[in-house]
Amino acid sequence: MKRIFAFLFAGSSLLAQVSAPDLLRDAAKRTPIGLEEFQRLAIANSPTLQEANAIVKASAARANQAGLYPNPSIGYQGEQIRGGMFGGGEQGAFVGQTFVLGGKLGLRRNVYEQQRRTDEIGVSEERYRILSDTGQAFYFALAVQEIVNVRRRLLILATDAVETAHQLANVGQADASDVLQAEVEAEQANVDYTVAQRDYIQAFHSLAALVGKPELTISPLQGDLAHPPAINADQIMYQVLRDSPSVKRAQQDVVRAEAEIKSAKRETVPDLQVHAGLQQNLEALNELSGKSVGLQAFVTAGIQLPIFDRNQGNVAAAEADLERARAQINNSQLSLRRTIEPLLQAYLSSHIEADRYRGEMIPRAQRAYELYLAKYEEMAAAYPQVLVSQRMLFQLQVDYIHALERVWRTAIILQNFGLSSGTLTQDFGLTH
């Protein structure tokens with residue numbers, strides 16, 4: 001299987017002799033699409049990735065808000081407005097400002113900055129999940145495309161067998177049963193080819209919907225199904241546990257919790273509240289002069305005494321959150337081990353299976369079919385033996401495609417740190 005999709009939709013004179021509909025005729029005229037293009041579309045159109053980016057923006061905005069200085073206040077202040085017996089009164093304006101002490105603003109901002117970094121890792125995690133889902137769906141569709149190719153080749157051979165059976169019958173070297181069996185086999189191949197084309201149409205539409213382009217016109221897929229990526233079984237677990245976004249997010253959550261504890265403890269430092277202004281004192285200096293006291297200034301300053309509320313509840317909550325975050329690191333690593341280990345074993349098993357199909361079983365089945373066919377044409381073997389060997393050969397080729405699809409699927413999930421939407425990690429059910 002040197003080229004997976006080469007001549008997939010090409011016609012033939014033999015194929016034209018049967019009634020199999022060529023559902024992919026128009027698709028053959030279009031440019032093949034590779035995995036990179038589907039991944040680009042998936043990243044550009046993913047609503048979940050847009051949601052994750054919006055969460056990062058919200059965290060950045062909260063960090064900015066947490067670091068803003070309190071607004072000053074201004075107002076009117078009046079005292080003894082009626083003036084008493086001297087006909088006076090004090091009226092004026094004031095400015096108030098709270099001065100945040102102890103570096104609390106910077107610590108509050110840092111809590112949200114650490115949360116923003118956690119959310120950025122979440123964006124990376126969602127991106128890996130999208131790439132994983134897209135890759136799985138792409139190679140599933142590519143496998144279905146190759147099954148179309150296999151069913152097409154079988155239909156051509158079955159059609160050729162009908163023609164051969166008729167020719168042998170005409171010269172008395174084949175009986176009616178051989179002709180009927182050949183015709184039935186051709187009809188079955190016809191049905192299988194039609195169903196395989198329908199499967200490809202469905203797989204392509206599902207892939208297009210996954211990447212946010214459901215209107216994408218059906219086209220051939222360009223990829224190398226026969227050469228899946230090599231996964232180092234001895235290093236993959238270490239790499240996943242070291243570089244997985246879920247682990248990094250848990251580690252970053254610890255940093256955020258530590259920042260929250262530091263901020264909560266510093267909240268006990270009281271803020272300085274200053275209130276100052278000018279007012280006109282209309283009270284007379286004395287009864288004789290008639291002059292008023294005039295313009296005068298005032299100022300007050302104070303702090304809250306942290307006697308009853310020392311933010312002890314929030315400190316305790318932050319410490320508990322830190323304990324939870326540290327435990328989550330270990331939990332994430334254990335969860336990854338439970339996810340990665342069966343995927344790795346499935347990858348290794350499918351890889352060995354594909355190698356055996358390619359290197360041992362298919363070549364032998366191919367040779368057996370050729371020998372039985374040659375013997376039949378020489379009247380040295382019965383036609384049922386040819387049918388059995390032919391069915392075995394093409395079933396092995398379909399099983400080989402199954403194995404390759406499983407290798408690619410598990411490899412893609414492993415390369416993306418075990419991330420997947422969940423539904424795509426189930427068996428796709430390639431049956432045709």
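Every read-out reported here was derived from the displayed coordinates using simple, explicitly stated rules and does not represent laboratory data. All of these numbers come straight from a predicted model, not from anything done at the bench. All Cβ positions, even for glycine, are placed from backbone atoms using ideal geometry, and neighbour counts span all protein chains on display.
Structure values in brief
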item: Over 26 Å [Cα-Cα, segment 302-432], rounded percent; result: 56
item: Bridge type composition, the chain - antiparallel percent by DSSP, nearest 5; result: 95
item: Rounded if a/c under 1.5, otherwise prolate or oblate - segment 294-347, Cα gyration tensor axes; result: prolate
item: Whole-number Å³ per residue for the convex hull built on Cα positions in segment 152-244; result: 175
item: Cα-centred dipole magnitude for segment 22-78, charges only on beta-carbon of K, R (+1) and D, E (-1), debye, nearest 20; result: 120
item: Convex hull volume of segment 368-423 per residue (C-alpha atoms, cubic angstrom); result: 71
item: Dipole magnitude of segment 211-307 about its Cα centre (Cβ charges: Lys, Arg +1; Asp, Glu -1), debye to nearest 20; result: 120
item: Charged-residue dipole, Cβ positions (Lys, Arg, Asp, Glu), the chain about Cα centre, Debye nearest 20; result: 1320
item: Of 142, 114, 380, farthest towards positive along the dipole that unit charges on Lys, Arg, Asp, Glu beta carbons give the chain; result: 114
item: Inter-label distance, nm, simple model (7 Å from Cα along the C-beta direction), residue 170/residue 382; result: 2.7
item: Convex hull of Cα atoms in segment 190-322, direction-averaged projection (nm²); result: 22.6
item: Peptides ranked, highest mean first, by Cβ atoms within 10 Å: ranges 94-103, 202-211; result: 202-211, 94-103
item: Alpha-carbon Rg/Rh ratio, for segment 217-289, with Rh computed the Kirkwood way; result: 1.66
item: Against the rule of thumb 2.2 N^0.38 Å, how large the Cα Rg of segment 49-161 comes out; result: 2.61
item: 25 °C / 0.890 mPa s Stokes-Einstein diffusion coefficient of the chain, Kirkwood radius on C-alpha pairs, µm²/s; result: 86
item: log₁₀ of I(q)/I(0) at q = 0.14, 0.23 Å⁻¹ - segment 95-204, Debye sum with one point per alpha carbon; result: -0.77, -1.11
item: Directionally averaged shadow of segment 168-208, computed from the convex hull of its alpha-carbon atoms, nm²; result: 3.1
